[in-house]
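So the structure is just underneath, and the comments pick up after that.
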Amino acid sequence: MPEKRLFVAITGASGSIYAKRLLDAIAGQYDRIYLTASENSVSIVRDELGVIDLEDLIPEGCGSRFMLLDPNDLYAPPSSGSHDYEGMVIIPCSVGTVGRIAAGVSTDLVTRAADVCLKERRRLILVVRETPLSLIHLENLTLLARVGATVLPASPAFYHGPQEIEDLVDFVVDRVLRQLEIAERLVRGWKE
Ligand SMILES: Cc1cc2nc3c(=O)[nH]c(=O)nc-3n(C[C@H](O)[C@H](O)[C@H](O)COP(=O)(O)O)c2cc1C
């Protein structure tokens with residue numbers, strides 16, 4: 001059986017807690033999870049999660065499944081369409097990253113791998129967090145949706161009766177799991 005691989009990238013939008021929860025939820029689902037964080041995200045991850053090393057986001061006991069990647073390393077495996085991986089989740093995804101992907105500039109590993117996912121017709125899930133959205137953001141997101149990306153705003157609902165911040169986070173991450181076709185549920189479906 002070929003290895004099941006996914007690329008997860010954290011960018012400099014608020015909401016790194018979504019990335020942490022996603023990594024907890026998917027650690028057992030893949031043979032290999034590539035993980036990177038854009039340079040601009042590092043201080044936000046530190047402020048929001050108190051985490052200095054990306055390594056600290058890897059769930060306990062799962063280290064062997066993860067490969068940490070330098071966000072500027074264009075020689076990393078996900079940079080090439082010839083490397084088999086299922087796709088990519090950018091969580092949280094800044095509108096700056098959205099703009100660069102939409103422009104096809106591919107100047108770092110996040111934008112290059114996103115470009116690879118689009119050209120190879122692989123999953124590209126963008127957990128965008130920004131509000132309000134300008135027309136530039138909306139047009140960039142429209143273009144990316146047209147070429148196959150899934151635009152999944154970090155926009156939790158309230159009909160499941162959230163009590164804690166974690167319940168709101170789970171709502172968004174559950175939607176990512178559904179897109180990845182992972183059977184595990186963090187939130188019960190409507191009327192289930
Ligand atoms: C504390 C803080 C919070 C931010 N939150 C957001 C956000 O929620 N969404 C967003 O698109 N940008 C946000 N930004 C701005 C991005 O970090 C900035 O545009 C950066 O250039 C994005 O770079 P990257 O996409 O390469 O990580 C925030 C910046 C800071 C310092």
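The values are calculated or read from the model by the stated rules, or taken from the named source; none is laboratory data. Worth saying up front: this structure is predicted, and the values here are computed from it rather than measured. FYI the Cβ positions are ideal-geometry reconstructions off the backbone, even for glycines, and counts take in every protein chain you see. Areas reflect the complete protein model, heavy atoms only, side chains present, ligands, DNA and RNA absent. Shrake-Rupley method; radii C 1.70, N 1.55, O 1.52, S 1.80 Å.
Observations on the model:
- Net lengthening on full extension, Ser82/Glu3 (0.36 nm per residue, minus Cα-Cα): 27.0 nm
- Max mean-square fluctuation residue, GNM over the chain, Cα-Cα springs under 10 Å, options Leu49, Leu126, Leu35: Leu49
- Loop-located trypsin sites (Lys or Arg not before Pro) in segment 84-155 (DSSP state other than H, G, I, E, B) with a sparse environment of at most 11 neighbouring Cβ atoms within 10 Å: Arg121.
- Here's the list of lysines a cross-link from Lys4 could span, going by alpha-carbon distance under 21 Å and ignoring same-chain residues fewer than 8 apart: Lys20, Lys119.
- Segment 147-163 - phi-based ³J(HN,Hα) in whole Hz, Karplus 6.51/-1.76/1.60, Gly and Pro as x: 8, x, 6, 9, 8, 10, x, 6, 9, x, 9, 10, 6, 8, x, x, 10
- What separates the Cα centres of segment 121-159 and segment 42-113 is a distance of 17 Å.
- For segment 5-178, with all protein chains in place and a probe radius of 1.4 Å, 48% of the accessible heavy-atom surface sits on carbon or sulfur.
- Computed with a 1.4 Å probe over protein heavy atoms only, the accessible surface of segment 5-178 comes to 46 Å² per residue.
- The convex hull of the Cα atoms of segment 85-192, projected and averaged over all directions, covers 7.6 nm².
- Scalar couplings 3J(HN,Hα) for segment 91-99, obtained by applying the Karplus form with A = 6.51, B = -1.76, C = 1.60 to θ = phi - 60°, are 8, x, 10, 6, 6, x, 4, 4, x Hz; x denotes Gly and Pro.
- Global form of segment 5-178, assessed from the alpha-carbon gyration tensor, a/c cut-off 1.5: rounded
- Per residue, the average separation of C-alpha pairs within less than 8 Å and at least 6 apart gives the chain a relative contact order of 22 percent.
- Secondary-structure-derived ellipticity at 222 nm for the chain, considering helices only, amounts to -10500 deg cm²/dmol, per-run term -39500 (n - 2.57) for DSSP H runs with n ≥ 4.
- Relative contact order, percent, segment 1-100 [alpha-carbon distance under 8 Å, six or more residues apart]: 45
- Put simply, the amide H of Ala13, placed in the peptide plane, has neighbours under 5 Å in Ser94, leaving out anything fewer than 5 places away on its chain.
- Between the amide H of Arg123 and those of Met88, distances stay under 5 Å, these residues lying 5 or more places away or on another chain, with hydrogens modeled in the peptide plane.
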